[in-house]
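Single-structure report; data block below.
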Amino acid sequence: TWTEAGSPYVVTGSILVAEGSTLTIDPGVTIKFDQGTSLRVDGTLVARGTSAQWIIFTSNAQAPAPGDWAFILFSDTSADAVFDAEGGYISGSVVEYAVVEYGGGIADSSEAAVSIRGAYPYVNHNIIRNNLSAGIYAISLYDTDTRTLRITHNLITGNSGP
C-alpha cells in the first residue's frame, strides 16, 4: 500500500504488480516516474482517489513534458473489476479520481498512457492529459469475450497519439 504519508513516490525502474499481488494507492498520493519507466499490472491495482484527494501519476522531470515516462498497462492476467447488481464497484483493478499526465514516452511502442490489453479494469472519473501517445487504448484479445469494460466519466485531453 502506498500511503499519502509516503508521498510522493518516485519510480526509478519499471514496476510490475505480479499475478496474485495487489498494489493499493491511497487518495492524495503522487507517483513521479523517471524517464522510460512504467507500471504494468498483471495482478490487481486499486488506485481510488476521491473528488477531494486525487491520485497523481506524473513525470519526475523538473520541467514535465509529454513522453517523460511510459504508461500504465493492464495485461490480460490483471484482476477484472467486479460490480454489484446496481453497477457499484466491489473489487478488482480500478483507477478512479486520478490524473495521468506526461506519459506515453516509449519509442516504437503502441502503448497509450493507459493501455488495456485483454483486461477489464474500472477506469472512472480520471483526467488523462498531456501524454505523447493516446490517452487510453483498449483491446480485447478474444472475439468470444463477453465481459464488459467500463471506462466512464473521464476527461481525456491534450494527448498526441491516435
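The values are calculated or read from the model by the stated rules, or taken from the named source; none is laboratory data. This is a predicted model, so every value here is computed, not measured. Neighbour counts are summed over all protein chains in view; Cβ atoms, including those assigned to glycine, are modelled from backbone coordinates with ideal geometry. Please note that ligands, DNA and RNA were not included when accessible areas were found on the heavy atoms of the full protein model with its side chains. Shrake-Rupley method; radii C 1.70, N 1.55, O 1.52, S 1.80 Å.
Quick notes on this one:
- What the pair-distance distribution of region 1-127 shows, using all Cα-Cα distances binned every 10 Å from zero, is 14, 46, 34, 6, 0 percent.
- Percent antiparallel among DSSP beta bridges (both partners in the chain, rounded to 5): 5 percent
- A DSSP coil position with no more than 12 other Cβ atoms inside 10 Å describes the following trypsin sites (Lys or Arg not before Pro) in region 118-162: Arg147.
- Three-way shape call for region 47-109 based on the alpha-carbon gyration tensor, with the a/c threshold at 1.5: oblate
- Carbon and sulfur %, accessible surface of region 43-105 computed with the full protein complex present, 1.4 Å: 50 percent
- Ala112 long-range amide H proximity, modeled H, under 5 Å: Tyr137
- Computed accessible area, Thr37, all protein chains, 1.4 angstrom probe, square angstrom: 10 Å²
- Ordered from largest to smallest accessible area (heavy atoms of protein chains, 1.4 Å probe), the residues Ser59, Ser21 come out as Ser21, Ser59.
- Å² per residue, accessible surface of region 1-119 at 1.4 Å: 42 Å²
- Quotient of C-alpha Rg and 2.2 N^0.38 Å, computed over region 52-162: 1.08
- Longest site-free stretch - the chain; sites: GluC sites (Glu not before Pro), DSSP loop, at most 14 other Cβ within 10 Å: 87-162
- Surface calculation, 1.4 Å probe, protein heavy atoms: Ser51 sits at approximately 90 Å² accessible.
- Spin-label model, Thr152 to Thr77: label points 7 Å out along the Cα-to-beta-carbon direction sit 3.0 nm apart.
- Of the chymotrypsin sites (Phe, Trp or Tyr not before Pro) found in region 109-162, the ones in coil according to DSSP and having at most 15 other Cβ atoms within 10 Å of their Cβ are Tyr142.
- From the alpha carbon centroid of region 89-126 to that of region 1-23 is 15 Å.
- Contact order, relative form, for region 48-144: 32 percent (alpha carbon pairs under 8 Å, 6 or more residues apart, mean separation divided by residue count).
- Sequentially through region 111-126, phi angles give Karplus couplings (6.51, -1.76, 1.60; θ = phi - 60°) of 6, 7, 4, 10, 10, 10, 10, x, 10, 9, x, 9, 10, 9, 6, 10 Hz, Gly and Pro residues having no value and appearing as x.
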